[in-house]
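Notes to accompany the following structure.
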Amino acid sequence: MELRPLGNTGLNLSCVGFGASPLGNVFGDVPEEDAIASVRLAFQSGINFFDTSPYYGGTVSEKVLGKALKALGAPRNEYIVSTKCGRYKEGFDFSAERVTRSIEESLQRLQLDYVDILQCHDIEFESLDQIVNETIPALQKLKEAGKTRFIGITGLPLSIFTYVLDRVPPGSVDVILSYCHYCINDSTLEDLIPYLKSKGVGIINASPLSMGLLTESGPPQWHPASPELKVEQNVAAATELATSGIDQEALSEVETILNHVKNQTWPSGIQKN
């Protein structure tokens with residue numbers, strides 16, 4: 001498995017990471033034994049990056065991932081763990097008090113002494129000025145205390161990243177996680193890459209299948225995409241690309257099919273963000 005440097009963190013992540021939201025039964029029921037087996041197989045296959053959140057399955061994902069990582073019996077420095085704070089089953093809370101308490105809860109569920117990356121989860125749902133002025137400084141203290149090695153922010157609208165990064169001290173944010181913006185139907189993250197590199201920020205591209213949108217089984221019922229973006233022809237086009245392999249001719253054909261919905265996204269968060 002190819003390893004790639006993550007910004008200026010010094011971390012080398014497998015080019016494919018393990019998104020652990022399915023361990024929280026987000027996309028359907030996953031028996032715990034199957035979840036633990038999938039983590040083991042991923043690790044044995046060379047995947048060293050595991051990403052979760054207390055929001056996924058109402059803490060279930062963190063608990064199951066913690067059990068699975070412990071069952072590996074591997075040295076702690078052989079895998080990289082990322083979790084999040086600020087978004088929970090009961091709602092959003094990016095206050096300094098809550099995110100500080102959040103990491104302690106997450107570490108207990110994950111059965112770890114620290115995480116490698118702690119990310120503010122879906123920041124577009126609250127005031128971005130609070131993220132800048134209260135949340136990030138609180139996470140800096142957690143970093144100094146050894147609870148996390150690095151700090152990140154996540155969300156859907158790409159504009160949130162520039163807003164925050166332009167307002168925090170350089171080096172305050174190590175990583176951004178963007179989802180559904182670098183896949184066959186939406187490649188808008190690409191335009192932001194030079195800016196993020198100029199800030200020395202690592203980039204994690206999540207949901208390359210658009211949260212199940214580009215799979216044979218299709219998206220889950222809760223998927224926020226428009227009906228137009230969910231048409232069967234789009235899924236068939238993406239499946240064709242996956243099964244036939246990537247070559248320029250096949251890619252051009254698929255992009256032609258997807259052209260009418262290219263870079264179409266959906267609203268996320270409060271309106272001012």
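Any read-out appearing in this document is the output of simple, stated calculations on the displayed coordinates, not a laboratory observation. On a predicted model such as this, the values are computed, not experimentally measured, just so you know. Here the Cβ is made from the backbone with ideal geometry for all residues, glycine too, and neighbour counts use every protein chain on show.
Express in nm, to one decimal, how much length is gained between Cys15 and Thr162 on full extension, taking 0.36 nm for each residue of separation and deducting their alpha carbon distance.
The span from Cys15 to Thr162 would gain 50.5 nm if fully extended.
Segment Asp34..Arg98, full-extension length gain: 19.8 nm, with 0.36 nm per residue of separation and the alpha-carbon distance subtracted. Maximal additional length on extending the Gln44-Asp129 stretch stands at 26.4 nm, based on 0.36 nm per residue less the C-alpha distance. For labels at Lys89 and Lys141 in the simple 7 Å Cα→Cβ model, what's the distance in nm? My value for the distance between the label points is 2.8 nm. In straight-distance terms, cross-link reach from Lys89 covers every one of the lysines whose alpha-carbon lies under 16 Å from its own, apart from those fewer than eight places away in the same chain; here that gives Lys63.
Applying a threshold of 24 Å to the alpha-carbon distances of Lys84/Lys197; Lys197/Lys272; Lys70/Lys197; Lys143/Lys272; Lys141/Lys199 flags Lys197/Lys272; Lys70/Lys197; Lys143/Lys272 as lying beyond it.
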